[in-house]
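As C-alpha cells, the structure follows; a few thoughts come after it.
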Amino acid sequence: MLRSIRALAPSLAALALLTAPAAAQQFVRDAAALSSPATWTNGVAVGDFDADGFEDLAFANGLDYGPGGALPQRLYLGDGAGNFTDASSQLNVANFNAQMVIAEDCDNDGDLDLIYAPAGPFPATNKRARILINDGTANFTDESLTRMPLTTMSAWCVVAADFDNDGDRDLALNDGCLNFTGMPGQAKLFQNDGAGFYTDVTATHAPVEIYNSQDLICFDYDGDFDIDIAHAGFGSSGQKRSSLWINDGTGHFTIDSTLDDLCTSNSYEVDWSDLDNDGDWDAAVQSIVGQNEGWGENRGLGVPPPETTFSGTNGNDDNEMASMDFDNDGDMDVFVGSLSGNREKVYEQDAFGVFNRVNIFEQITDSTLDLGFGDFDDDGRHDVVTAQGESGVQINKIYDNNGPIDTIAPRVLAMEVPGSVVAGGQDFHLFAQDDWVDDGISNVLVSYNWQTFSGGAVEAAGGDDGYFQGGCMWLAQIPTTGATDGVAVTWSLSDDVGNAAAPVIAAVGDIRSDTWTDLGNGLAGSGALTPALFGSGPLTGGSANVLSLDDALASSTTALVVGFSQIDAAFKGGVLVPAADLVIPGLPVGAGGSFALPFTWPMGVPAGVDVWFQHWVTDAGGPKGFSASNGLKGRSQG
C-alpha cells in the first residue's frame with residue numbers, strides 16, 4: 001500500500017515552467033514558404049486537413065464583390081517546417097466567387113471540411129453556400145447540392161457554431177454582398193442534422209432583420225453558456241451599425257440593442273476576444289471612429305460598450321482584425337490586416353490597458369483582406385498568413401514570428417456549474433482562450449474526466465475530448481441516471497505548442513464531502529497573510545486533482561510537504577502538520593501569491609487511505625523566515 005501511495009511523487013513533482021520576460025517580436029516575410037500566384041483572395045482558413053499534425057491553408061478566392069468573379073480556389077499543405085505545397089487540385093471544385101472560407105468538421109467524422117460564403121447578384125441571388133467534404137487525407141468532394149439548402153444568397157461571411165446545443169455545429173451566413181458597401185439583407189441560419197446535412201431554419205429560428213451585415217461572429221455574449229451572434233455592418237447616419245442576436249439556448253434568436261451603435265459607416269469587421277482579462281469578450285473594431293481602429297469593452301447586456309481609439313498611427317481603410325499576445329506578457333494585442341497601409345498593423349496592450357501602435361511587421365505595401373495564425377514551422381511561436389485582394393499585387397504571404405516562444409497556458413474565462421443534478425444527462429460548458437483568437441477560434445485543446453456519484457459512492461466514470469461548440473466554448477455531456485446525486489467534471493486545457501493549464505473542476509450535488517479536510521495550523525507571514533491550501537478533485541483511481549495555494553508571499557518559493565501520517569510537530573515557529581515523507585522544494589509562487597499543482601491519483605489505492613499536505617513558504621515576514629499554509633488531508637475514494 002505504501003508503495004502505491006508513493007507513486008504520487010512523480011506527478012506531484014511535475015511543475016510548470018516559469019515565463020521569462022519577452023523581447024520585442026518581429027514578423028518577417030518568408031517568400032520561400034508559400035508560392036502563391038497573384039489572385040484576388042478574400043479569406044484564409046488554417047487547419048490540419050490531411051491529419052499529419054501540421055497546419056495547412058485554404059484560401060477563398062473571388063474576383064469582385066457581388067456578381068461574377070469566379071476564380072479557382074486554393075489549398076496548400078504544410079510540412080511542419082514552414083513550407084507549403086500547392087494541393088489545389090485536391091479540392092475538386094469548379095471555379096466560383098468565394099468571399100470567405102472556414103474549416104469545420106461538418107459531418108462529425110473527425111476531419112476538417114470546408115464551407116465557403118459565395119458571392120452573386122443581389123438582390124436576385126443565385127448562389128448556394130458551398131461545402132467541400134474531406135475524406136480525411138485532404139481530398140475533397142463538392143457536395144453542396146445534396147448537403148446545403150436550396151436557399152440562395154450573396155454572402156460576405158459564414159460562421160459555424162452549435163446554436164441548439166445538440167453536439168453538432170450549425171451555420172450562420174449574412175446576405176447582401178453587392179459591392180464595397182453591400183446591401184441590407186436577411187441573415188440565414190442553417191441547422192446541422194449531425195451528419196453534415198443542413199436545413200434552412202431562418203424563418204423559425206432567426207429574427208426578421210433586413211440589415212447591412214458585413215461580418216458576423218459567434219460567442220456567448222450574455223454569459224448564459226449558449227452561443228449568440230454578433231453582426232458588424234454599416235449604414236448612413238441614424239441607421240443601425242451592428243446587431244446582437246441573443247440565443248435562448250435552443251437555437252432561437254431575438255434581437256438585443258446593446259451593440260446597435262458599435263460600428264460606423266466604414267466598419268467592415270469586428271473581432272472579439274477577452275482584451276481586458278475580465279472573463280468576457282470585448283470588441284476590436286475596424287473603423288470605430290472614422291477610419292481609426294479601436295475597441296469596445298463588453299459590460300453586459302443593456303450597456304453599450306464604451307469605445308476607445310487605439311493610440312499611435314491609425315486611420316487607414318482596413319478590413320481585418322484579430323488578436324494575439326505577440327509579446328507573451330499575458331494580455332491580448334490587436335492585429336490589423338492593412339488594406340491601404342504599407343505594412344500590417346499591431347497595437348500592443350500595455351500594463352494600463354492602453355493599445356499603442358508598434359511597427360513589428362516587415363514593411364511591405366500590399367492589400368490585406370484577411371489574416372490567420374498558426375505555428376507553421378513548429379518552433380513554439382505563432383506565425384501569420386495574409387490573404388491579398390482588391391488592389392495591388394495580390395500575392396498571399398507567410399510572416400515568420402521571430403519573437404519569444406509562447407509559454408503561457410490557455411486561460412479559463414468562464415465555467416458552468418449547474419445548479420442541480422439532472423437525470424438523463426448533465427451538460428457542463430467551458431469558455432476559454434489562449435494566446436490568439438480569430439473569428440471565434442483559438443488554439444485551445446480541451447479534454448475532461450468525469451465521475452457520477454450515488455449515495456456517497458462512485459456510480460460511473462469516464463473521459464473524452466471537449467466538444468468545440470464555436471466561439472471558444474466547449475461542451476461536456478455526462479450520462480446520469482435517476483439515482484445520480486452528484487457529478488464532477490475535471491477540465492484539462494493545453495495549446496498547440498504544449499503549454500498546459502492546471503486542471504479546473506466543476507461539480508454539482510453530493511461528491512463526497514470527506515474527500516478534503518482543512519486541518520488549520522497555518523502560519524502568517526508578510527502582511528499578516530496566512531497562506532491558504534485547497535484541494536480539488538475526487539481522489540479516485542486515475543482521476544485528475546489539484547492542490548491550490550493562495551495568499552502566499554508574491555514571487556517567493558515554497559516547499560510542499562507530503563506525509564502519510566499526521567504529526568502536528570512544532571516547526572519554525574508554527575506547526576508541521578504532515579510527517580515529512582516527501583518534500584518538494586523550490587516551487588515558484590506567482591506574482592499573485594498563488595501556485596497550483598495538478599496531479600493524478602494512483603490506481604489501486606483503497607478507499608479511506610489518508611494523505612496529508614502542507615506548504616512552507618520562504619517568507620522573511622514569518623517568525624523564522626517562513627510562513628505556512630493550513631494542513632490539508634486528502635482521503636482516497638478508491
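Looking at the stretch 564-571, can you tell me whether even one residue there is surrounded by fewer than 22 Cβ atoms within 10 Å (Cβ to Cβ), on the phi > 0 side of the Ramachandran plot and either modelled with pLDDT under 95 or in contact with a Phe, Trp or Tyr (Cβ under 6 Å, 6 or more places away or on another chain) (or both)?
Narrowing the stretch 564-571 to residues surrounded by fewer than 22 Cβ atoms within 10 Å (Cβ to Cβ): 564-571.
Filter again for on the phi > 0 side of the Ramachandran plot, leaving 568.
Still in the running and either modelled with pLDDT under 95 or in contact with a Phe, Trp or Tyr (Cβ under 6 Å, 6 or more places away or on another chain) (or both): 568.
Yes, because at least one residue in the stretch 564-571 is surrounded by fewer than 22 Cβ atoms within 10 Å (Cβ to Cβ), on the phi > 0 side of the Ramachandran plot and either modelled with pLDDT under 95 or in contact with a Phe, Trp or Tyr (Cβ under 6 Å, 6 or more places away or on another chain) (or both).
Check Phe595, Phe599 and return the single one that is in contact with a helix residue (DSSP H, G or I) (Cβ under 9 Å, 6 or more places away or on another chain), open to solvent by less than 60 Å² (accessible area, probe 1.4 Å) and among the aromatic types (Phe, Trp, Tyr).
On the way: Phe595 fails: in contact with a helix residue (DSSP H, G or I) (Cβ under 9 Å, 6 or more places away or on another chain).
None of the other options fit; the residue is Phe599.
Could you pull out the residue among Asp175, Asp215, Asp164 that is modelled with pLDDT of 95 or more and of a type in the set (D, E, K, R)?
On the way: Asp175 fails: modelled with pLDDT of 95 or more; Asp215 fails: modelled with pLDDT of 95 or more.
Just a single option satisfies the conditions, and that option is Asp164.
With the structure loaded, tell me whether Asp135 is in contact with a helix residue (DSSP H, G or I) (Cβ under 9 Å, 6 or more places away or on another chain), farther than 16 Å from Val46 by Cβ and surrounded by fewer than 24 Cβ atoms within 10 Å (Cβ to Cβ) or whether it fails that test.
Values: in contact with a helix residue (DSSP H, G or I) (Cβ under 9 Å, 6 or more places away or on another chain): no; farther than 16 Å from Val46 by Cβ: yes; surrounded by fewer than 24 Cβ atoms within 10 Å (Cβ to Cβ): yes.
Against the criterion (in contact with a helix residue (DSSP H, G or I) (Cβ under 9 Å, 6 or more places away or on another chain), farther than 16 Å from Val46 by Cβ and surrounded by fewer than 24 Cβ atoms within 10 Å (Cβ to Cβ)), Asp135 does not qualify.
For (1) among the small types (Gly, Ala, Ser); (2) within 17 Å of the chain's Cα centre (by Cα); (3) surrounded by fewer than 24 Cβ atoms within 10 Å (Cβ to Cβ), each residue gets a yes or a no:
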site: Gly380; (1), (2), (3): yes, no, yes
site: Asp400; (1), (2), (3): no, no, yes
site: Pro404; (1), (2), (3): no, no, yes
site: Ala414; (1), (2), (3): yes, yes, yes
site: Gln426; (1), (2), (3): no, no, yes
site: Ser447; (1), (2), (3): yes, yes, yes
site: Ala457; (1), (2), (3): yes, no, yes
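Which count do you get for residues in the stretch 65-95 that are surrounded by fewer than 19 Cβ atoms within 10 Å (Cβ to Cβ), over 27 Å from Asp379 (Cβ atoms), without any contact (Cβ under 8 Å) to a residue 40 or more places away in the chain and of a type outside the set (Ser, Thr, Tyr)?
Residues that pass the stated criteria total 4.
If a residue has to be more than 21 Å from Ala460 (Cα to Cα), open to solvent by 20 Å² or more (accessible area, probe 1.4 Å) and in a loop (DSSP other than H, G, I, E, B) to count, how many in the stretch 536-554 make the cut?
Matching residues across the stretch 536-554 total 3.
Got at least one residue in the stretch 337-345 being more than 25 Å from Asn499 (Cβ to Cβ), in contact with a Lys or Arg (Cβ under 6 Å, 6 or more places away or on another chain) and touching a residue at least 24 places away in the same chain (Cβ under 8 Å)?
Yes, the stretch 337-345 has at least one match.
Any idea which of (1) within 17 Å of Phe234 (Cα to Cα); (2) in a loop (DSSP other than H, G, I, E, B); (3) of a type in the set (Gly, Ala, Ser) is the one Gly353 doesn't satisfy?
The single condition Gly353 does not satisfy is (1).
Name, by its number, the condition in (1) surrounded by 15 or more Cβ atoms within 10 Å (Cβ to Cβ); (2) within 28 Å of Gly463 (Cβ to Cβ) that does not hold for Pro606.
For Pro606, the failing item is (1).
For Gly527, which of the numbered conditions (1) in a loop (DSSP other than H, G, I, E, B); (2) on the phi > 0 side of the Ramachandran plot fails to hold?
All conditions are met except number (1).
Restricting to the stretch 212-251, count the residues that are surrounded by fewer than 23 Cβ atoms within 10 Å (Cβ to Cβ), farther than 21 Å from Phe431 by Cβ and in contact with a His (Cβ under 7 Å, 6 or more places away or on another chain).
0
How many residues does the stretch 142-199 contain that are surrounded by fewer than 18 Cβ atoms within 10 Å (Cβ to Cβ), touching a Lys or Arg at 6+ places or on another chain (Cβ under 8 Å) and over 23 Å from Asp109 (Cβ atoms)?
Matching residues across the stretch 142-199 total 2.
For the stretch 332-345, what are the residues that are modelled with pLDDT of 95 or more and either surrounded by fewer than 23 Cβ atoms within 10 Å (Cβ to Cβ) or under 23 Å from Ala591 (Cα atoms) (or both)?
Matches in the stretch 332-345: Met332, Asp333.
Could you say whether any residue in the stretch 265-285 is farther than 21 Å from Asp439 by Cβ, in contact (Cβ under 8 Å) with a residue 24 or more places away in the chain and of a type in the set (S, T, N, Q)? Before the answer, list the steps.
Step one: of the stretch 265-285, the residues farther than 21 Å from Asp439 by Cβ are 265, 278.
Okay, now just the ones that are also in contact (Cβ under 8 Å) with a residue 24 or more places away in the chain, so 265.
Next cut, of a type in the set (S, T, N, Q) only: 265.
Looking for residues that are farther than 21 Å from Asp439 by Cβ, in contact (Cβ under 8 Å) with a residue 24 or more places away in the chain and of a type in the set (S, T, N, Q), one finds at least one in the stretch 265-285, hence yes.
How many of the residues in the stretch 369-378 are among the aliphatic types (A, V, I, L, M) and under 20 Å from the mean Cα position of the chain (by Cα)?
1
Against the condition open to solvent by 20 Å² or more (accessible area, probe 1.4 Å) and either over 30 Å from Thr146 (Cβ atoms) or assigned to a loop (DSSP other than H, G, I, E, B) (or both), how does Trp295 come out, does it pass?
Values: open to solvent by 20 Å² or more (accessible area, probe 1.4 Å): yes; either over 30 Å from Thr146 (Cβ atoms) or assigned to a loop (DSSP other than H, G, I, E, B) (or both): yes.
Here the answer is yes, as Trp295 does meet what is asked.
The values are calculated or read from the model by the stated rules, or taken from the named source; none is laboratory data. As the structure is a computational prediction, the values presented were derived from the model and not from experiment. Cβ atoms come from the backbone with ideal geometry, glycine included; neighbour counts cover every protein chain shown. Ligands, DNA and RNA are excluded from the accessible area calculation, which covers all protein heavy atoms including side chains. Shrake-Rupley method; radii C 1.70, N 1.55, O 1.52, S 1.80 Å.
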